[in-house]
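Engineer: One structure, pasted below without further comment.
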Amino acid sequence: MSLTYPDRVHTALRVGGACVLLALAGCSSNGDGNGNDTATPATTSASSAPSTSNVGAAHISIKNFTFIPATLQVRPGTKVIVENQDSVTHTLTATGDKPFDTGDIDPGETATFIAPSTSGSYPYICTIHTNMKGTLTVS
Ligand SMILES: [Cu+2]
């Protein structure tokens, strides 16, 4: 009687172990296929996220009666932040039809404008010191 009982336990373990091995083999082969399918779209979305944030805003500084950088290229409709680091008031005003114009920017203050939606090269000046010149290139 004592010999019969352990025999049944061993049989049950062997059958159960074989089932577990088959289940694991089936699982891992499915997992590899799914993992490869998921990795490609995940990489694509990750690489597009940083470029979106870079397009968000551009910066122009005014220092020593100079626009820095003097030439800036942005995408249509980009928000441009202008920081006046001088101790006198400046403006950043597009020439011609004035597609953008910050108005007066007091010393130490910041102003923003939205780049035109049409591609092109837009010269601008400071209307207070008209020898100050820069160019915004939209493309
Ligand atoms: Cu000025």
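Engineer: Counting heavy atoms of the protein chains only and a 1.4 Å probe, report the per residue accessible area for the stretch 80-129 as a whole number of Å².
Structural biologist: Ligands and nucleic acids excluded, the result is 49 Å² per residue.
Engineer: Taking the simple approach of a point 7 Å from Cα along Cα-to-Cβ for both E109 and T135, what is their distance in nm?
Structural biologist: 3.0 nm
Engineer: Share of antiparallel DSSP beta bridges in the stretch 56-138, in percent to the nearest 5?
Structural biologist: Values: 18 of 28 bridges.
About 65 percent, rounded to the nearest 5.
Engineer: Oh, and also: Pop out the carbon and sulfur fraction of the accessible area of the stretch 56-138 as a percent, whole number, probe 1.4 Å. Write down the numbers at each step before the final one.
Structural biologist: On the way: 2020 of 4300 Å².
Solvent-exposed carbon and sulfur of the stretch 56-138 make up 47 percent of the total.
The values are calculated or read from the model by the stated rules, or taken from the named source; none is laboratory data. None of these values were measured; they are calculated from a predicted model. Every residue, glycine as well, gets a Cβ built from its backbone with ideal geometry; the counts of neighbours run over all protein chains shown. These accessible areas exclude ligands, DNA and RNA; they are computed on the full protein's heavy atoms, side chains included. Shrake-Rupley method; radii C 1.70, N 1.55, O 1.52, S 1.80 Å.
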